[in-house]
Amino acid sequence: MGSRLTEEQAAFAAAVRDFAKRECGTREQRDALTGGGREAHHPEMYGRLAELGWLGVCLPEEYGGAGGGLADACLFLEETSYGMVPAGGFITTVIAAKAYERFGTERQRHEVLSGAVRGDVLSIAMSEPGAGSDVGALRCQARQAADGAWVIDGQKTWISNAHCAKSILLVARTGEDKHGGLTMFHLPAGAPGVEVRGIETMGGREVNDVFLTGVRLPADAVVGQVNNGWRQLMAGLNYERLFLAANMLGLARRAFDDAVAYVREREQFGRPVGSFQALRHRVADLATEIECTRLLVREVALDCDAQPDKLFPREASMAKLKATETAKRAALEGMQMMGGYGYTTEFDMERHLRAAVVSTVYGGTSEIQREVIGKTYGL
């Protein structure tokens with residue numbers, strides 16, 4: 001899509017790029033906004049993005065959004081990631097918002113989508129201590145009381161942005177069938193019985209345990225249909241995998257550019273280290289991989305926009321696999337090219353690596369993406 005950007009898309013990408021450079025362009029600015037790299041989400045900065053109208057980039061106009069498509073959202077994610085804007089809440093928000101848009105009631109859509117446009121953060125709670133890649137193994141229980149209310153008990157883990165979310169899209173068990181017994185619920189993050197505990201990670205404060213003890217939700221808290229949660233999850237895979245891919249595409253580009261800037265200036269043996277063939281070829285290979293990733297992510301986004309009701313399991317998994325593995329490689333190669341300086345906290349490369357290395361795990365591991373792709377060929 002590089003040469004297929006509309007004038008509006010090109011202007012939008014440039015505006016996001018300029019904002020990032022102005023507000024997050026220096027290490028001092030980024031450290032101040034992220035607590036030295038420990039916080040991926042800055043509420044005030046996120047609010048400014050909302051004021052600019054950018055958080056509703058792919059949400060319906062009737063709820064205050066811009067009415068754009070996946071390609072527009074991917075551009076936003078790529079540029080905010082490249083610019084290191086601390087807007088970590090956006091990915092889970094837009095993924096959850098698309099589920100509400102497609103399956104929620106009118107009341108839910110108005111509350112959640114309008115809130116997302118204004119800057120509310122949404123989270124998604126699926127994974128559990130015993131249910132990661134095997135989502136159908138989840139045990140968090142939702143039972144319906146005599147008065148029609150739902151009572152939720154269980155534990156969720158690795159829940160991104162639950163600590164800063166206004167509401168959580170919860171997936172719980174309502175039936176015995178492994179996949180046919182799952183249901184989505186709209187859960188206010190501050191509801192009685194909900195406890196969020198942060199999990200310390202290499203990347204700082206990103207994910208959480210969420211404990212649910214006797215949480216009562218009204219009968220109309222169901223998002224979509226009872227026992228139809230698995231099908232609804234599958235319908236949203238285009239969004240989840242593409243958004244994660246676009247985010248890591250931006251990170252790969254940033255790691256690459258930071259490494260190239262360093263090897264142009266760093267001198268050894270009387271010349272810039274980037275002029276040695278070993279590094280020139282490494283740069284050439286990385287540049288090629290990143291451009292391939294860019295073309296794949298953007299082409300899949302355009303295909304999804306052209307056929308919004310069609311699933312693209314092969315292509316979406318390819319985009320997620322390629323982008324996350326490329327980002328991890330770019331950060332590792334960048335650290336190697338920078339030598340000891342890449343390992344220090346003085347430079348951003350170690351931060352890029354910490355962000356990239358987990359991307360091949362969350363949102364479906366690289367192994368799972370390969371399984372999905374292989375099965376689409378009848379294997």
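The values are calculated or read from the model by the stated rules, or taken from the named source; none is laboratory data. From a predicted model like this one, the values you see are computed outputs, not experimental measurements. Methodologically, a virtual Cβ is constructed for each residue, glycine included, from the backbone with ideal geometry; neighbour enumeration extends over all protein chains shown. Each accessible area value is taken on the protein alone, full model and side chains, heavy atoms only, with ligands, DNA and RNA left out. Shrake-Rupley method; radii C 1.70, N 1.55, O 1.52, S 1.80 Å.
Compute the accessible area per residue over the chain, keeping the other protein chains in place, probe 1.4 Å, unit Å².
Numbers: 16820 Å² over 379 residues.
Per residue, the chain has an accessible area of 44 Å².
Among complete DSSP H helices in the chain, those whose alpha-carbon atoms stretch at least 24 Å along the helix's long axis and whose mean Kyte-Doolittle hydropathy reaches 0.0 are 237-265, 277-306. Each part gets one Cα centre, and for the range 331-379 versus the range 278-311 those centres are 16 Å apart. Only protein atoms count toward the accessible area here, which uses a 1.4 Å probe; on the chain, the carbon and sulfur part of that area reaches 52 percent. Within the full protein context, the accessible area of TRP230 is estimated at about 70 Å² for a probe radius of 1.4 Å. Exposed loop sites here mean GluC sites (Glu not before Pro) with a DSSP loop assignment and at most 16 other beta-carbon atoms within 10 Å; the chain contains its longest site-free run at 1-175. Take the alpha carbon gyration tensor of the range 105-181, find the square roots of its eigenvalues, order them as a ≥ b ≥ c, and report rounded if a/c is under 1.5; if not, report prolate when a/b exceeds b/c, else oblate. In terms of gyration-tensor shape, oblate. The amide H of HIS41, built 1.01 Å from its N in the peptide plane, has GLY88 as neighbours under 5 Å, considering only residues 5 or more places off or on other chains. Here the range 194-240 and the range 156-176 have alpha carbon centers that stand 2 Å from each other. In the range 218-341, taking the dipole from charged Cβ atoms about the Cα centre, the farthest positive-side position among PHE243, ALA278, ALA319 is held by ALA278.
Among the chymotrypsin sites (Phe, Trp or Tyr not before Pro) in the range 315-379, those placed in a DSSP loop whose Cβ has at most 14 other Cβ atoms within 10 Å are TYR377.
Based on C-alpha pairs under 8 angstrom that are at least 6 apart in sequence, the range 235-329 has a relative contact order of 50 percent.
How much net charge surrounds LEU212 when only other residues with a Cβ under 9 Å from its Cβ are counted (Lys, Arg +1; Asp, Glu -1)? Mind showing how you got there, number by number?
Working: positive: LYS156; negative: ASP153, GLU195.
Within the 9 Å Cβ shell, the charges total -1.
When only Cα pairs below 8 angstrom with a gap of at least 6 residues are kept, the chain shows a relative contact order of 15 percent. Close lysine pairs were tallied over the chain: pairs 8 or more places apart or on different chains with Cα atoms under 19 Å apart number 10.
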